[in-house]
1. Points 7 angstrom from Cα along the Cβ direction at residue 45 and residue 94: gap in nanometres?
2. Per-residue ellipticity at 222 nm for the chain, helices alone: DSSP H runs ≥ 4 residues times -39500 (n - 2.57), over residue total, nearest 500 deg cm²/dmol?
3. Of 52, 85, how do they rank once you tally other Cβ atoms within 10 Å and put the fewest first?
4. Which ordering of 37, 29 is given by a fewest-first count of other beta-carbon atoms within 10 Å?
5. Only counting other Cβ atoms within 10 Å, I'd like 23, 13 sorted with the fewest neighbours first.
6. Give me the number: length gained by fully extending residue 69 to residue 33, i.e. 0.36 nm times residue separation minus the C-alpha to C-alpha distance, one decimal in nm.
7. For the chain, find the longest principal axis of its Cα atoms and tell me its angle to the long axis of helix 20-34, 0 to 90°, nearest 10.
8. Between residue 1 and residue 87, what length comes free when the chain is fully extended (0.36 nm per residue of separation minus the Cα-Cα distance, one decimal in nm)?
């Protein structure tokens, strides 16, 4: 299995430089390999139900999710990722990002 960095090098050779679209494509190909789907040509013979799981969800968005909302940036005590717009969660006296706190932004219906 190739690494994401190897795919990026191949994209530069094929295209002459690296751009955002190529990064997304490299990430998709790498993801397919991680899922043991292999080369993207396999997508043409697999059905949607073999490739994807669909589920309706309800999302509740607070004001911090909309353009123009500003608040200080805080660092997650667990992963070190920056937390923007007041999205931090305090658990056991630790300031965490939503992912490290185990929170989810959607609810299965």
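1. 4.7 nm
2. Helix-only estimate at 222 nm: -9000 deg cm²/dmol.
3. Ascending number of Cβ neighbours within 10 Å: 52, 85.
4. Ranking 37, 29 by Cβ neighbours within 10 Å, fewest first, gives 37, 29.
5. With the sparsest Cβ surroundings first, the list reads 13, 23.
6. Value of the extension gain: 9.2 nm.
7. 80 degrees
8. Once the chain is fully extended between residue 1 and residue 87, it gains 27.3 nm.
FYI, it's all coordinate maths here, none of it is from the lab. Note that the structure is a prediction, hence the values are computed from the model and not measured. Neighbour counts are summed over all protein chains in view; Cβ atoms, including those assigned to glycine, are modelled from backbone coordinates with ideal geometry.
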